[in-house]
Amino acid sequence: MNLEQQDKKYVLQTYARDYTNFVKGVGSTLYDENGKDYIDFASGIGVNSVGHGNEKLASAICEQAKNIIHISNLQVIEPQAKLAEKIVELSGYDMAIFFANSGAEANEGAIKIARKYGEINFDEKRYKVITLEHSFHGRTITTVKATGQESFHTPHFSPYPAGFSYEKSISDVYKAIDDETVAVLIELVQGEGGVQPFEKKEIQDLAAHLKAEGILLIVDEVQTGVYRTGEFLASNLYEIEPDIITLAKGLGGGVPIGAVMTKHKEVLSAGDHGSTFGGNYLSTSAGLAVLDVLETLYESGAIAEAHLYFEQKLENIVKNYGDLFEKEVGLGLMRGLRAKSSEIQTAVQKQSLQEGLIVLKAGRNTVRFLPSITISKEEIDEGFKRFEKAISTL
Ligand SMILES: *Cc1c(COP(=O)(O)O)cnc(C)c1O
C-alpha cells in the first residue's frame, strides 16, 4: 500500500488533499521524498512563522522535551507565565492570558469571557455576538456558527448555539446592536474570507463607539497576530485597544498553541474554563523561542523590509498579468492576488505546485500568500521566479 492509499484508507477524508510527500524543510524551502525542492509561500497556513528547521525553535523544543513536556494546569508552569508576560509586553496592552491549543479554542474562550461579562455586568444578560460576513473563526460547533459564511452552517451539524448574527459591513454593525449585544467579533484582515483588510479609520470609529456603548470588541488575531501584518498585533497597527484578542497560528511556529488575552482579567475565575494541554511546557517554550526570534528580526527592520519586497513583487505581477489578476490585497506578509475567476485561482495554485512553489487559496478567487516571517529576499526572488513561470503557462 502506498502513502496515498494508506491515507485514504485510514484517515478520515475531510480535506481535499494533495499527495506530495514532504520530508524536510530548511527556512522557506521544503523537500519532497524525491529531493525536489519547493519554495514555501504558505508556511502551513500562516503557522511556520520562523520557517522550517529553525535552530532556535528546534533546540528549545528538544531541551524542553528532555526535561518536562507536560504537567497539569493545577501546577504553576514557568514557561507559561513567561510567555504570557512576553505576549503582554509585546502587545503593549494591560491584559492577562489563558492558553489553549488552537485558534478555534482561543475563540471559544473569548466567547465564554464575553458571555460571562454580559451576565455579571448587566441586569438583563447580554449574550449576542455580532460577526461579519466572510469572516472565519473556527470549526467547533460554536466558532463555526460565529463564522459569517452560510456555507459553513450546514444542517448536518445542527442545532447550533444561538446568539450569533452576521453583518455585511462595519457600518451595518452599528444598526445591528441591540440590548442583548455583548460583543462584536472581527478580524482586522479577513484571512480565509479573501485577505481583505478593513480601513483603519472605520475600525477606530467602531472601537470608540463600542467602548462608549459598553460593548466588547473581540479581535480574532489567530491569523493576523505575531508580526503577520508588520506589527506584533494587527491591533497595534490599527492603533486600537480591544477588550479581548485571540492568537494561535504563528505563535508556536508549528507547535499547537492558542491564546485568549483580555483586559477584563476578573471575569473568569477558578473553575470557569480550562484545558488539559493548554499552555504546557512544550508549547509555551516553543512560543518563547518564536517570539525571541521574531522580536529581534522586527527590531532590526528586517520584517518591514520583507513586506516591501514582497509587495513590490506582487505589484509587478498585477502590472504584467492583468489578464489573470485584478489587484493585490492584504497587509504585511498576509497577501493575496485577486484572480479574475475561481478557475484562474485554482489553476494558479496547481501550476505553482508543479513549478515547485506552494501558495494557498482564500475566498472565492484569491490566491493567498502567507510566507514565514523569516523568509529571505533570495527565497522571495526564487518563489516569484517560479510563480511567473507557472502563470505564464496559463
Ligand atoms: C485559522 C483561523 C481560525 C481557526 O484556527 P484553528 O487553529 O484551525 O482552530 C480562527 N480564526 C481565524 C481568523 C483563523 O485564520
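Brief remarks on what is shown
- For the chain, a Kirkwood hydrodynamic radius built from all Cα pairs, placed in the Stokes-Einstein relation at 10 °C and 1.306 mPa s, yields a translational diffusion coefficient of 73 µm²/s.
- Region 68-299 - charge dipole about Cα centre, Lys and Arg +1 at Cβ, Asp and Glu -1, debye rounded to 20: 500 debye
- The three principal axes of the C-alpha atoms in region 68-299 carry coordinate ranges of 49, 38, 36 Å, sorted with the longest axis first.
- Fully extending the segment from residue 119 to residue 151 would add 8.4 nm, taking 0.36 nm per residue of separation and subtracting the current Cα-Cα distance.
- Net lengthening on full extension, residue 8/residue 96 (0.36 nm per residue, minus Cα-Cα): 27.4 nm
- Length released on extending from residue 19 to residue 160, taking residue separation times 0.36 nm less the Cα-Cα span: 47.4 nm
- Rough spin-label spacing in nm, given labels placed 7 Å along Cα→Cβ, for residue 299 and residue 55: 2.0 nm
- Dividing the summed helix terms, -39500 (n - 2.57) for each DSSP H run of n ≥ 4, by the number of residues in the chain produces a 222 nm estimate of -12000 deg cm²/dmol to the nearest 500.
- Mean projected area (nm²) of the alpha-carbon convex hull when region 318-388 is viewed from all directions: 4.5 nm²
- Pairs from the list 66/86; 125/175; 86/249; 145/211 with a Cα-Cα gap above 27 Å: there are none.
- Along the chain, counting only GluC sites (Glu not before Pro) with a DSSP assignment other than H, G, I, E or B and at most 15 other Cβ atoms inside a 10 Å radius, the longest segment between sites is 267-394.
- Using a Förster distance of 41 Å, the FRET efficiency for residue 72-residue 327 (Cβ separation, nearest 0.05): 0.25
- Centre-to-centre separation between the Cα atoms of region 336-394 and those of region 219-297: 28 Å.
- Dipole magnitude of the chain about its Cα centre (Cβ charges: Lys, Arg +1; Asp, Glu -1), debye to nearest 20: 880 debye
- Measuring nothing but how far apart in sequence close Cα pairs (under 8 Å, 6+ apart) lie, relative to its length, the chain scores a relative contact order of 23 percent.
- 27 Å Cα-Cα reach of residue 385 towards lysines, excluding residues that sit fewer than 8 places from it in its own chain: 24, 36, 313, 319, 327, 340, 350, 361, 377
- For region 1-81, trypsin sites (Lys or Arg not before Pro) are listed when DSSP marks them as loop and at most 11 other Cβ atoms sit within 10 Å of their Cβ; the list is 17, 36.
- Restricting region 151-260 to trypsin sites (Lys or Arg not before Pro) in coil, as DSSP defines it, with at most 16 other Cβ within 10 Å: 168
Each reported figure results from applying straightforward, stated rules to the coordinates on display, with no laboratory input. This structure is a prediction, so every number in the text was calculated from the model and none was measured. Glycine also receives a Cβ, built like all others from the backbone with ideal geometry; neighbour counts cover every protein chain displayed.
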